[in-house]
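This report refers to the structure that appears directly beneath it.
Please treat every number below as a calculation from the coordinates, not as lab data. Bear in mind the structure is a predicted one, so any value in this text is a computation, not a measurement. Positions of Cβ are generated from backbone atoms using ideal geometry, with glycine treated the same way; all protein chains shown enter the neighbour counts.
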Amino acid sequence: MTPTEMADPNPPSVSRSGSRHLRSAAWGAIWLLVAIAAGEFLSLAYQKYTHLDAGSYGMFWTRREWLWTHIGGGLLTIVLGALQFLPQIRCGYPRLHRWIGRSFLLGMLVACVGAVGLILTSPAPHAIRIAFGATALAWLVTAFMGYTAIRRGQVTLHRRWMIACYLATLAPITFRALIRIPGMMEIAPPMTMIPTLLWLSWAAPLLVYGVGCFMIRTRCAAAMRHERRSDTPTGVTPAPESA
């Protein structure tokens, strides 16, 4: 045991192990909440739109084909996207993981076709239609970046982009959660709050996730530099870091 290890009651290996367990527990709690919210969303969508009448569909009655296309593709991506985060599938069955990923992208494209149809036929104000279109665009861009990364063999980057893509996938669920916050829709008129919350439903999660990734990378880099300095014998100048 080195003097550094004797002086440090929490060696780097123990600290890293504890950090991994903490991150795993945090991610497990997050995905459990996501699963509960997604299950509720799917249940409500099923209950509402299984009744084929104008009262159930409201403004979507004359555009129900576009709505079915959008919801059908969207539900597929919610379910398949969740499966992609299971390590048993991702690590144990890589071929299945790839085929689920391809099916996820196909479902996303189907949902986006429905979204375009709904936007073009919507009587809603331009602000709402633009916000809805921005959500679909963010969904497509994050998926494209993730697909491009894995084609280049950049697995870590692919994983980060696909997490971002799934956050965009969950935008309808996030939007529903936001409008259910007590007093939220009283902040401003509905024609202002609806597009604002549509933007926030994907932009806020992506921003939080991006900042979190940056902080983790910064902390890991600092820990590695500290560990290298600790392992360097006294009087020996550490080798410069490569660019």
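Could you give the Stokes-Einstein D for the range 27-100 in µm² per second, using the C-alpha Kirkwood radius, 37 °C, 0.692 mPa s?
230 µm²/s
Among Tyr93, Tyr147, Tyr166, which comes first, then next, by fewest other beta-carbon atoms within 10 Å? Intermediate results must be reported in sequence, preceding the final value.
On the way: Tyr93 13, Tyr147 17, Tyr166 24.
Listed from fewest to most nearby Cβ atoms, that is Tyr93, Tyr147, Tyr166.
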Checklist entry - How many angstrom separate the Cα center of the range 113-146 from the Cα center of the range 45-79? => result 16 Å
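Just want the ordering: Met224, Met162, from fewest to most Cβ atoms lying within 10 Å of their own Cβ.
Details: Met224 12, Met162 23.
Placing the least packed residue first, the sequence is Met224, Met162.
What is the order of Met59, Met185, fewest Cβ neighbours within 10 Å to most?
Working: Met59 11, Met185 16.
Placing the least packed residue first, the sequence is Met59, Met185.
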